[in-house]
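Reviewing the structure listed below.
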Amino acid sequence: MSLKIYLNILKIGVYLSFLSVFLVFTNLLFPYITSKQIFFNILVEILMVFWLALIIKYPEVRPFGKFRGEPKKSLITYGLAAFFAALLVSTIFSVDFNLSFWGDIERMLGWFHVVHFFLYYLVIITVFRGSKDWRNLFIVSIAAAVLVSFYSLFKTPYSTIGNTAYVSGYVIFNLYFALILFFSLPLRPAWPASKQAGRYGEAQNKGGAWLIGAPYLIVVFIMLSVLKVTHTRGAYVGLGVSFILFFILFAFYSKSKKVKIYSVLSLAAIVAVAGLVFMFPQSKIAANTPVLNTITQISSKASTFQTRLISWKAALKDLPSHIFWGTGYGNFAITFDKYFDPKFYSYTPTETYFDRAHNNLVDIASTAGLMSLLAYFSIFTAAGYYLVKGKKQNKISVNEFILLICVLVAYFIQNLAVFDSLVTYISLMLTLGYIYWLMNRDEAEAAEADAAGGLTNKELAVLVITGLVALAIVYQYNVKPLMMLDGTIKGQMKFSQGNLTGGEEEYKKALSHETGLDRDSRASFINAINAMQGSLLSIDKSEAKEIADYTVSLAEANVKLNPSDSMMQMQLALALNTAAAINGDDARKFSFYSDRALAAIDESIKASPGRVTIYFSKAQIYLARNEKDRAIETLKYAYGLNENYAEAACYLAKAAIYLEEQDVGYSALDKCLDLSGSAYLNPIDLIKIAINHYNEKKDLPHMLILYERWTDMEPSNVKVWVNLSLLYEQVGKKDQAINAAKKAMELDASLKQSAEEFIWKLEGK
């Protein structure tokens, strides 16, 4: 085939890659991630067939090798190759090869998946060879981002991407792509200038140029509007710093005195506004402006910053143990668990499992080692070097130089609070590819002009062989995972309908495909069964035992991938405890499963000794064994790890009260209620017992909290609402008392007269 045909096929493929940002197949597990990445993988694998045939037939278009006798060199390409090679080495020596190579379904950032972005980059720098090509590519990227932006503005902030942080990163790239196109416009419009002489004709020219550039400025406005609804602080900081840098560079490099003045004034205005916002964070303007309000929340005392600081400290502690290649690419959860600080619960009781450091540099250093981090830095060092060199050689205009520096700075800073995703990887490859082209545009256009030819036998052989290999890869590593993901959702649906045996059958079908991503499907089955122990006990005994044994086998398969994975060991422990409960009528089998459950939970604790919630599971196992004293001691120890963690206090209170250790139980219950942990209290019988205790002590505040919890659990219980209204009256909360009385009246019309009299009394009528 001719060079033109190859180039067109590959260009169309790159254009199609932007469809991935819209794909959300709800029949797949983690649809916002899996739908996009698998489509992208398949597309890139197909494109590689034509790319390999292209570079074999037309050596002159290769992004490496020689051009007219001179070697082609690109430090950006070398940096990317070194980075992905370093990640591969880290993967090979990983504590969990499966996780490093395949990643998990929630992220799909294993080496197999991310290396597709490097291949994507190679295709881009090979086939986008002219200014028109790059203008079209940026327009397609911007168009996709605009649609994503509209969905974010008018439907849901996370759009079709599934995460507001990813949306923010995506629009920042495309905001700058729009500015690149705007500043690349000719100084005069494409149509002939006015024949009229003088200032009138010049004004027409300027007006035409602005008319051509208006769509790009509208795009910028849309992108900025999206950032107002995503409320991503990392994005605000990244974009804000890039804007400051933008005006500094324009003031420094522009030859126009007016531009210098406007840049300095704009810079001063930004600095002044930022300064005033931080000086007066409680002002009405700051409070009522979403962007400013979010910026004022940027503080080292913020909960999100503190939890991330804990994760970064964990990485720093572990780094000396794996300094060169890390624990294994993508294995941050191992490090985070190992050094988990119980203080974490003081900032948030949720989202306590970090599989990423939420800082790209920390993540790379801790999981892939310093060698990978150095390779990563080399990419941006190379990009900066070419931008400076290109500007000096007049290959890169001042505007392009400034805008490309700014977008890379914005991206880099935002990634100090997050990590990459498909949309940012795609955008980064476009940015790096554009810098590559700017430095090699003359060679690229000359090579395209020189090449032509028809289909040869060698070319056909390459297409057939690589095509068959690609089809095998597509089926084995993309189609099979798709079937597994679809089957997992079908299994979950069966479980939600209460059909345990039907759910098991769907999972067995899903897992029969034996993919590298089965870990998460198995985990979802294990978690579902562990949460439905009561339902399992209510079905046929032989079926329940079979399901319990299957659950244990799946948990064992996951643990085998990495015995030091705390979460996997805990899931195994709970699965074994469930199996022990199912075999409660057989003392020998009960002991067999229960002893193994204790061994597994101890391994989980060993891998993460500071994680309080694991001790809850251990106490649960002890209670199943009727070892009450050990259960209480375990919960006391867990509570002691962080006495300000409400769930730990509540868990201890529940167990101690039921086991009739009153002093321990009610002391813990006081703490539980004082820490606003009433939501952890159940069942209603416990609430009743606790209310009686506080009633004897005439402790109205604690009684009030428990009655409020009771109304949450039984919102249709009229008696509870009546008692709650009376309690509110006694503590002087008239408005709440009136509302509770009205609720009781709504539920029971016969109470209307007495409720109205009660309300009139409170209102002083």
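Just so you know, all these numbers are worked out from the coordinates, no wet-lab data involved. This one's a predicted model, so the numbers in the text were calculated from it and none came from an experiment. Because the Cβ atoms are built from the backbone with ideal geometry, glycine has one as well, and the counts that use them run over all protein chains shown.
Aspartates and glutamates within cross-link reach of residue 742: Cα-Cα under 14 Å, excluding same-chain residues under 8 positions apart?
Within the straight-line cut-off, residue 742 pairs with 729, 756, 757, 763.
Work out the FRET efficiency for residue 599 and residue 261 from their Cβ-Cβ distance, taking R0 = 51 Å, and round it to the nearest 0.05.
Result of the calculation: an efficiency of 0.10.
Based solely on its DSSP helices, what 222 nm [θ] is calculated for the chain when runs of n ≥ 4 H residues each add -39,500 (n - 2.57) and the sum is averaged over all residues, nearest 500 deg cm²/dmol?
-24500 deg cm²/dmol
Where does helix 541-561 land angle-wise versus the long Cα axis of the chain, in degrees 0 to 90, nearest 10?
Once rounded, one gets 40 degrees.
List, largest first, the extents of the alpha carbons of segment 593-665 along their principal axes, each in whole Å.
Here the Cα extents, ordered largest to smallest, are 32, 26, 13 Å.
Would you mind checking the radius of gyration and Dmax of segment 95-160 based on alpha-carbon positions, in Å?
16.7, 47
Please give me the summed charge of the neighbours of residue 735: other residues whose Cβ is under 12 Å from its Cβ, Lys and Arg +1, Asp and Glu -1.
Cβ neighbours under 12 Å give a net charge of +1.
To the nearest 20 debye, what charge dipole does the chain have about its Cα centre, counting +1 at the Cβ of each Lys and Arg and -1 at the Cβ of each Asp and Glu?
It comes to approximately 3680 debye.
Would you please give the FRET efficiency between residue 346 and residue 393, computed as 1/(1 + (r/R0)^6) with r the Cβ-Cβ distance and R0 = 51 Å, to the nearest 0.05? Write down the numbers at each step before the final one.
On the way: r = 56 Å, r/R0 = 1.09.
That pair, residue 346 with residue 393, gives E of 0.35.
If I fit a long axis through the Cα atoms of helix 360-392 and take the longest principal axis of the Cα atoms of the chain, what angle between them do I get, 0 to 90°, rounded to 10?
Its long axis makes an angle of about 30 degrees.
Calculate, for residue 731 and residue 537, the FRET efficiency according to 1/(1 + (r/R0)^6) with r their C-beta to C-beta distance and R0 56 Å; round to the nearest 0.05. Show your work: numbers first, answer last.
Numbers: r = 43 Å, r/R0 = 0.76.
Using R0 = 56 Å, I get an efficiency of 0.85.
In nm, to one decimal, how far is the modelled label at residue 272 from the one at residue 592, with both set 7 Å along Cα→Cβ?
Taking the simple label geometry, residue 272 and residue 592 are separated by 8.0 nm.
Please give the per residue volume of the convex hull enclosing the alpha carbon atoms of segment 641-739, rounded to a whole number of Å³.
92
Pairs 636/671; 560/606; 57/132: which exceed 19 Å Cα-Cα?
As for pairs spanning more than 19 Å Cα to Cα, those are 57/132.
At 0.36 nm per residue, minus the direct Cα-Cα distance, what do residue 8 and residue 106 gain on full extension? Give it in nm, one decimal, please.
The residue 8-residue 106 span can extend by a further 31.9 nm.
Under a straight-distance cross-link criterion of Cα-Cα below 15 Å, which aspartates and glutamates are reachable from residue 73, leaving out those fewer than 8 residues away in the same chain?
Here the aspartates and glutamates satisfying the reach criterion relative to residue 73 are 60, 442, 443.
Which aspartates and glutamates have a Cα less than 14 Å from the Cα of residue 490, not counting those fewer than 8 places away in the same chain?
Partners found: 504, 505, 506.
Taking +1 at the Cβ of each Lys and Arg and -1 at the Cβ of each Asp and Glu, which of 572, 262, 86 sits farthest along the dipole of the chain towards its positive end, judged by Cα position relative to the Cα centre?
Sorting the options by dipole projection puts first 262.
For the pairs 343/654; 343/698; 228/258; 545/628; 688/752, flag any whose C-alpha to C-alpha distance is greater than 28 Å.
From the list (343/654; 343/698; 228/258; 545/628; 688/752), the Cα-Cα distance tops 28 Å for 343/698; 228/258.
For the chain, with the dipole built from +1 on Lys and Arg beta-carbon atoms and -1 on Asp and Glu ones, taken about the Cα centre, which of 502, 455, 105 lies farthest toward the positive end?
Projecting each Cα onto the dipole axis, the largest value belongs to 455.
Given Cβ point charges of +1 (Lys, Arg) and -1 (Asp, Glu) and nothing else, what value in debye, to the nearest 20, does the dipole of segment 1-86 about its Cα centre take?
320
State the extension gain, in nm to one decimal, for the chain segment bounded by residue 214 and residue 697, taking 0.36 nm per residue of separation less the distance between their alpha-carbons.
Gain in length upon complete extension: 166.6 nm.
Normalised by the empirical 2.2 N^0.38 Å for globular proteins, what value does the Cα Rg of segment 419-538 take?
Details: Rg = 24.1 Å, N = 120, 2.2 N^0.38 = 13.6 Å.
Compared with the compact-globule rule of thumb, segment 419-538 sits at 1.78.
So what is Rg over Rh here for the chain, counting just Cα atoms and using Kirkwood for Rh?
Across the chain, the Cα-based Rg/Rh ratio is 1.04.
So for the chain, taking the charge dipole from beta-carbon charges (+1 Lys/Arg, -1 Asp/Glu), which of 728, 432, 479 sits furthest toward the positive end?
Farthest towards the positive pole: 432.
Test of understanding: what is the full-extension gain from residue 377 to residue 465, defined as 0.36 nm times their sequence separation minus their Cα-Cα distance?
Gain in length upon complete extension: 28.0 nm.
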